[in-house]
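What follows is a set of notes on a single structure, which appears directly below.
The values are calculated or read from the model by the stated rules, or taken from the named source; none is laboratory data. What you see is a predicted model, and the numbers here were worked out from it, not measured in a lab. Here the Cβ positions follow ideal geometry from the backbone for every residue, glycine too, while neighbour counts run over all protein chains shown.
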Amino acid sequence: MNNVRTFITTVFFLIATGLACAQQLTWTEVAPGVWKAVIGKPEAFDLFKAAAVQPNIQAISAITKSDFPFSKDLAVGTIQDRQTYLRLPLEREEQLFGFGLNFKTVHQRGRIMQLHVDHYGGKDDGRTHAPVPFYVSSRGYGVFVNSARYIKVWAGSGVRRDSPNAPEPRDRNTDKSWTARPYSDAVEILVPAEGVEVFVFAGPTALDAVRRYNLYNGGGCLPPRWGLGFSHRVPKMFDAAQTLTEAKEFSAHGFPLDVIGLEPGWQSKSYPCTFAWDRTRFPDPAKFVQQLKEINVQVNLWTNPYVSKESPLYKELLPLTGSHTVWGGAVPDITMPQTVKPMVDFFKQEHVNIGVSGYKVDETDGYDHYLWPDVATFPSGLSAEQVRQTYGMLWQKITTQIYRDNNVRTYGLTRASNGGAASLPYVIYNDYYSHEDFITALCNSGFTGTLWTPEVRSSKTAEEWLRRWQSVCFSPMAMLNAWASGTKPWSFPEVEKQVKEIALLRMQLLPYFYTSFARYHFDGIPPFRAMNLEEGFSASAIMEMKTASLNDNPYAEAVLKEIKDQYMAGDFLLVAPMFTGQTSRTVILPKGKWYDFYTGEYAGDGTVITVTPGLDKIPVYVKDGGIIPMAEPGLRAPGKNEKFNLEIRHYGAKPATYKLYDDDGVTFDYEKGAFAWREIKVEQQKNGQWKGTLSKPEKGKPDNVGKVTWRFMSAASTPK
């Protein structure tokens, strides 16, 4: 009865204010636990179409069944002034996450933003590298708005006059509970189009909702093994000889290296780009690439998409470009197949077919002052806004397809992405350089179907250098980006030993991370994610009053306490980075026993602990029953079908099983069934001793595991 009354009240309010086209949304189940509503006439071009989303219905079906997560009566849509207004319900204790790649906040309730592809400018206002219009509720569901427009969001900030949940006015002069942000019972969204599709992804948990979203997008990407090794980007004007020398120096110093990234100087002209090799610095590109391949180092090429007049592609592409230029370069309309084909043909011939392994696609996020304006036109007829919202994602899709055609995987870097791109093997990066905010972004990436790297570039002190290295080695791409600084892993000799140790630990963890990415692909579980998606972690709204001068904050607003400086890496590892100047920090351990990664000692159960790890360690904890497969520390990731030895670690007092993923590490043959899940099982025997077993490889399936040893980390330290 209350829901009906609320709906009727909403309709009368909309009519009274001139929004007479209000309609209750009608939901159709399009996959198990996934519903779609259509209001008005959605545009032909949207985010899911741009990404060419292919839902994995079978994998979605394996998730625990869940009903529609909120009252359908309370979801209302309106078309007015050629715009679509959406109103979706919020309960009083409900928290929201997502709304794109944010760098300062994890909790999004109460925020107002415009979701707009942009270079991150230091404020969580929706203008960011991946403004994904997907939010996740602490009540265990997600909502996606499938539009390639600049979407405005009021995430529980507006209070409707006639709302049955409208808060009572309070007198600030006498009532200490007065707040400038009273309770709001709805998420309100404005889409500048005459219709839109809206998707709801059920749980039952918030993680399940994220899984359904990722799987509806085809599942997360599965990088080649080398992509999870170590990457290094050399200074922008390095030539072939300097780059080869740099690769050899890594080996001489005992540092791992899987990927060398070339910056703008490899091209004959850049900003805008020719996409052609500079033959003065790289007289024989094929030979250069092959020389690096011989020492098992991959080559990644920087580029941006803006075409120089001196490019071999310029004349053919010019009629297929937009009305405005970027740095004098033409902007190809890559929403059209006739534009894509000559670029793909050129990239194949000049780069991919000689062995280049991937791309770093720069400047597709943009600042307004150098990207095309919203008044620009494109030959496809799409608006400048739609092209901007999808440009980075389209480049990911185009370049990924080049490698797919050759049946080899790639793993690259991008500056812009959006909804629907989970399956594309690209990691977001930017020019911002706050270590703390980088970790917040890593937490938020798990809500958005994107990957983010807190890369290392330079540092003021040895302490900062080591702390950044520790974080980057527990991220989707372990990368030193020295294009401007020229730094090396050993640039601070006083911590060279510790940097080498953490880099080698990254290499040891490759089997664990590779399996985590397989889980991302097959099961939709983000490999790196916020604590709010972890079972046993409380997402309740804890109010914390900020003390401030009235001159600084005239409202002294109460804000929700959020945890944004620790995160989950894979199924079992809780990572709590240290920042420059910290000697100790608090770590929130979810319910269930947790153990120190390095020693196996018991750490706590559902408690807040304070740790003082020293400079050498980044705090990492393993949940009870955690199984961590680790390789021997090497300077390269295992190659195609190359065997590797394993040390399998078990933590805690709980018997456990773990599925270890295996394939050839390079091709897309896993999509045809050429992969294996090997069961690792750990049990305690009658005599109290622990025993582990690894299932035998299936006939005809990949078998890259060599010698196996076992290490039971917590056997002597488990509490009774």
(request) Mind counting the residues in the stretch 516-536 that are in contact (Cβ under 8 Å) with a residue 60 or more places away in the chain and hydroxyl-bearing (Ser, Thr, Tyr)? (result) 1
(request) Kindly indicate which of Ala384, Ala376 is on the phi < 0 side of the Ramachandran plot, of a type outside the set (Phe, Trp, Tyr), modelled with pLDDT of 95 or more and touching a helix residue (DSSP H, G or I) at 6+ places or on another chain (Cβ under 7 Å). (result) Ala376
(message) Every residue in the stretch 53-76 that is assigned to a helix (DSSP H, G or I), of a type outside the set (Gly, Ala, Ser) and either within 15 Å of Val198 (Cα to Cα) or touching a residue at least 12 places away in the same chain (Cβ under 8 Å) (or both), please.
(response) Ile57, Ile60, Lys72, Asp73, Leu74
(message) Tell me yes or no: at least one residue of the stretch 596-614 is of a type in the set (A, V, I, L, M), over 24 Å from Lys701 (Cα atoms), crowded, with 18+ Cβ neighbours inside 10 Å and over 26 Å from the mean Cα position of the chain (by Cα).
(response) yes
(request) Could you run through the stretch 114-123 and say how many residues are part of a strand (DSSP E or B) and buried (at least 22 other Cβ atoms within 10 Å of the Cβ)? (result) 2
(request) Report whether or not Tyr651 is within 24 Å of the chain's Cα centre (by Cα), among the hydroxyl-bearing types (Ser, Thr, Tyr) and under 28 Å from Ser584 (Cβ atoms). (result) no
(request) List the number of the failed condition for Trp266; all other conditions in (1) farther than 30 Å from Gln508 by Cα; (2) surrounded by fewer than 17 Cβ atoms within 10 Å (Cβ to Cβ) hold. (result) (2)
(message) Every residue in the stretch 284-328 that is assigned to a strand (DSSP E or B) and under 18 Å from Trp266 (Cα atoms), please.
(response) Gln298, Val299, Asn300, Leu301, Trp302, Thr303, Val307
(request) Considering only the stretch 647-663, state which residues are on the phi < 0 side of the Ramachandran plot and crowded, with 20+ Cβ neighbours inside 10 Å. (result) Ile648, Arg649, His650, Tyr651, Tyr658, Leu660, Tyr661, Asp662, Asp663
(request) Mind listing whichever residues of the stretch 124-151 are surrounded by fewer than 18 Cβ atoms within 10 Å (Cβ to Cβ) and not in a loop (DSSP other than H, G, I, E, B)? (result) none
(request) Output the number of residues of the stretch 44-87 satisfying the condition of being of a type in the set (A, V, I, L, M, F, W, C) and closer than 28 Å to Thr335 by Cβ. (result) 11
(message) Among the residues of the stretch 236-279, what is the count of those that are closer than 19 Å to Pro454 by Cα and either part of a loop (DSSP other than H, G, I, E, B) or among the basic types (Lys, Arg) (or both)?
(response) 4
(request) Answer with yes or no whether Leu19 is surrounded by 16 or more Cβ atoms within 10 Å (Cβ to Cβ), part of a loop (DSSP other than H, G, I, E, B) and modelled with pLDDT under 95. (result) yes
(request) Could you grab me the full set of residues in the stretch 161-219 that are touching a helix residue (DSSP H, G or I) at 6+ places or on another chain (Cβ under 6 Å), at pLDDT 90 or above and in a loop (DSSP other than H, G, I, E, B)? (result) Gly203, Gly219
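Only one of these is surrounded by 24 or more Cβ atoms within 10 Å (Cβ to Cβ), in contact (Cβ under 8 Å) with a residue 60 or more places away in the chain and within 21 Å of Val472 (Cβ to Cβ): Phe250, Phe230. Name it.
Result of the check over Phe250, Phe230: Phe230.
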(request) Take the stretch 586-634 and flag every residue that is assigned to a loop (DSSP other than H, G, I, E, B) and closer than 19 Å to Leu646 by Cα. (result) Phe597, Tyr598, Thr599, Gly600, Gly625, Gly626, Glu632, Pro633, Gly634
(request) State which residue pairs qualify: first residue at positive phi and inside the stretch 479-500, second residue modelled with pLDDT of 95 or more and in a loop (DSSP other than H, G, I, E, B) in any location, beta carbons under 6 Å apart, and separation of 6 or more residues or different chains. (result) Gly486/Pro235
(request) Would you be able to say whether some residue in the stretch 358-374 is assigned by TED's automatic domain parsing to the domain that holds Glu294, surrounded by fewer than 16 Cβ atoms within 10 Å (Cβ to Cβ), in contact (Cβ under 8 Å) with a residue 40 or more places away in the chain and outside any loop (DSSP other than H, G, I, E, B)? (result) no
(request) May I ask you to list the residues in the stretch 55-100 that are among the β-branched types (Val, Ile, Thr), crowded, with 18+ Cβ neighbours inside 10 Å and under 27 Å from the mean Cα position of the chain (by Cα)? (result) Ile60, Ile63
(request) Sort out which residues of the stretch 626-663 are under 18 Å from Ala676 (Cα atoms) and among the aromatic types (Phe, Trp, Tyr), and write them in order of number. (result) Phe644, Tyr658, Tyr661
(message) Being within 17 Å of Leu88 (Cβ to Cβ) and assigned by TED's automatic domain parsing to the domain that holds Gly40 is the requirement here; does Lys152 meet it?
(response) yes
